[in-house]
Amino acid sequence: MFNYNFRWAQALNSLPQMLEGALVTMEIAILSMAVGIVVAIFLTVFRLSGQRVLAAVATIWVEVARNTPALFQIYMVHFGLGSFGIHLSPYLSLLIGITFNNAGYLAENFRGALKAIPDTQTRAARSLGMSAGQAFANVVMPQMLRISFLPMTNQMVWAILMTSLGAVVAMNTDLYGVTSDLNARTFRTFELFAIAAVIFYLITKAITLAARLLAARLFRY
Amino acid sequence: MFDTALTANDLIFLAKGAGMTLIVTGISVLLGTILGILFGVFRYQVGPWWAAPLTFVLDIFRSIPLLIQLVLANAFVTTVLGFRISGFTVACGVLSLYTSAYCAEIVRGGIESVPTTLRRAARSLGMTWGQDMRSIVLPLATRVALPSWIGLALGVMKDSALVFIVQVVELLKSTQILITRLQEPLFLLMICGLFYFVISFPVARLGGYLERRWSND
């Protein structure tokens, strides 16, 4: 026991590679979040629209995204679509998988936020002559996004953590993939993953802090 | 389309994987909840300054991907400390701590939701701290905390899919093994997804129902 030789210097040598991986991780998280928010707004509109088919699509999307593991969803995108002859790169599979998950959770958050917005506002907007679409886009949606800002921040952190699941589709350019590749070559498992853990921690803290500053700036009355 | 090489043995193999998912989830949620309640009460009781170290440690569990936590814990226990320990134990240990980090937050929120005046009233009636906790705080905090706790338990069940990394063969991993052999990814993944959905969906609905039911009155 305790006769393990730590070789931090060797592991730290690969820090530049890992930081490049961290950039890919952030890129995936930001893209998946941006697309996820847009899709989630559409899902919310679908559920409000009263159109049976659209509402059903949105409901199924949300329930599947929320009730199956994210790992399963990424797996499904990569190998499930593969059996239809759609072969996606690991990067794209991971991005689509996380986006699917984000959109589902965000749509549910948006639905919760909508409950906090009084119905009278839509009616007031409509009686001012706005169309239903205008009323939603100009009156309801900005408030909905404001109310769900905190859940969106949480989801962003989740998106960062979820990028590590790319391991299952042989993704090797994100932070987890780079680390696990280095590990396969050097076998310094503990050192390498400890460094990766610190990088992940710093990224998530930076995001939380940035969101807090942004909220203070955006939402002062 | 419905031709499949799936045999009864394969189904039993999948069922075993599903059983493993449930066992890992059960142990982790149980231990994690007990720890989470202890941590949550401690954090509330000693105030933010004295609880800062604990808060920091629990926060780490929520800011690092579970996959990395598992790899790191496994490497630490088996190679650094040199213990001979199964992946199953590591998986349960990490998932329990992971659960407790979220649970502590839920418990603290629950306790904070109980009005201070109510607790002062209980104490001035002569109740001890323990009595106050048991008969006043527990029932009221449970109403606030239970829906989130159900969400957490389901989250842990879904996250337990990641324990494949420490060689625990749970549902998704056994599906993966079968896919490698049978080459029918879509069909097998559907079965796997259906299983998760069938467990998660009704419980999630129950959580939503309790939330609505208990927030009204």
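Annotations for the structure displayed:
- Residues considered: A:E108, A:E191. Of these, the only one that is within 14 Å of chain B (Cβ to nearest Cβ), within 24 Å of A:A40 (Cα to Cα) and charged (D, E, K, R) is A:E108.
- Selection count where residues are facing chain A (nearest Cβ under 7 Å) and over 22 Å from the mean Cα position of the chain (by Cα), scope region B:58-80: 4
- Residue in region B:114-121 that is within 14 Å of chain A (Cβ to nearest Cβ) and either of a type in the set (V, I, T) or in a loop (DSSP other than H, G, I, E, B) (or both) present: no
- A count restricted to region B:154-170 and to residues that are of a type in the set (A, V, I, L, M) and more than 9 Å from chain A (Cβ to nearest Cβ) stands at 5.
A quick yes/no check of all residues on (1) surrounded by fewer than 20 Cβ atoms within 10 Å (Cβ to Cβ); (2) within 14 Å of another protein chain (Cβ to nearest Cβ); (3) among the basic types (K, R); (4) in a helix (DSSP H, G or I):
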| site | (1), (2), (3), (4) |
| --- | --- |
| A:G133 | yes, no, no, yes |
| A:M141 | yes, no, no, yes |
| A:T153 | yes, yes, no, yes |
| A:L161 | no, yes, no, yes |
| A:M171 | no, yes, no, no |
| A:D181 | yes, yes, no, yes |
| A:R185 | yes, no, yes, yes |
| A:I195 | no, yes, no, yes |
| A:F200 | no, yes, no, yes |
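- Only one entry of A:Q10, A:Q73, A:Q51 meets the criterion of being free of Cβ contacts under 8 Å to residues at least 12 places away in the same chain and either within 17 Å of the chain's Cα centre (by Cα) or more than 22 Å from A:A167 (Cα to Cα) (or both), and that entry is A:Q51.
- Sole residue being out of contact with any Pro (no Cβ under 9 Å at 6 or more places or on another chain), at pLDDT 95 or above and either surrounded by 20 or more Cβ atoms within 10 Å (Cβ to Cβ) or more than 11 Å from chain B (Cβ to nearest Cβ) (or both), chosen from A:V45, A:V39, A:V53, A:V77: A:V39
- Close Cβ contacts (under 7 Å, 6 or more residues apart or on different chains) running from residues in region B:72-86 that are of a type outside the set (G, A, S) to residues that are assigned to a loop (DSSP other than H, G, I, E, B) comprise B:V77/B:F83; B:V77/B:I85; B:T78/B:I85; B:T79/A:Y4; B:V80/A:Y4; B:L81/A:M1.
- Looking across region B:101-139, the residues that are among the aliphatic types (A, V, I, L, M) and surrounded by 17 or more Cβ atoms within 10 Å (Cβ to Cβ) come down to B:A101, B:A104, B:I106, B:V107, B:I111, B:V114, B:A122, B:M133, B:I136, B:V137.
- Whether a residue is among the aliphatic types (A, V, I, L, M), modelled with pLDDT under 90 and farther than 22 Å from B:F61 by Cα was assessed, and A:V169 passes this test.
- B:V107 fulfils the conditions (1) assigned to a helix (DSSP H, G or I); (2) within 28 Å of A:S180 (Cα to Cα) except for a single criterion, (2).
- Within region A:1-23, tally of residues that are more than 14 Å from chain B (Cβ to nearest Cβ) and either surrounded by fewer than 20 Cβ atoms within 10 Å (Cβ to Cβ) or on the phi > 0 side of the Ramachandran plot (or both): 10
- Residue that is nearest to B:G87 (Cα to Cα) [pool: residues in region B:172-187 that are facing chain A (nearest Cβ under 9 Å) and either of a type in the set (D, E) or buried (at least 16 other Cβ atoms within 10 Å of the Cβ) (or both)]: B:L172
- In region B:81-93 there is at least one residue that is away from every other protein chain (no Cβ under 14 Å), assigned to a helix (DSSP H, G or I) and surrounded by fewer than 17 Cβ atoms within 10 Å (Cβ to Cβ).
- Candidates A:L209, A:L218 - the one that is in contact with a helix residue (DSSP H, G or I) (Cβ under 9 Å, 6 or more places away or on another chain) and either within 30 Å of A:D119 (Cα to Cα) or among the hydrophobic types (A, V, I, L, M, F, W, C) (or both): A:L218
The values are calculated or read from the model by the stated rules, or taken from the named source; none is laboratory data. Everything numeric here is computed off the predicted structure, so don't read it as measured data. Virtual Cβ from ideal backbone geometry, glycine too; neighbours counted across all protein chains shown.
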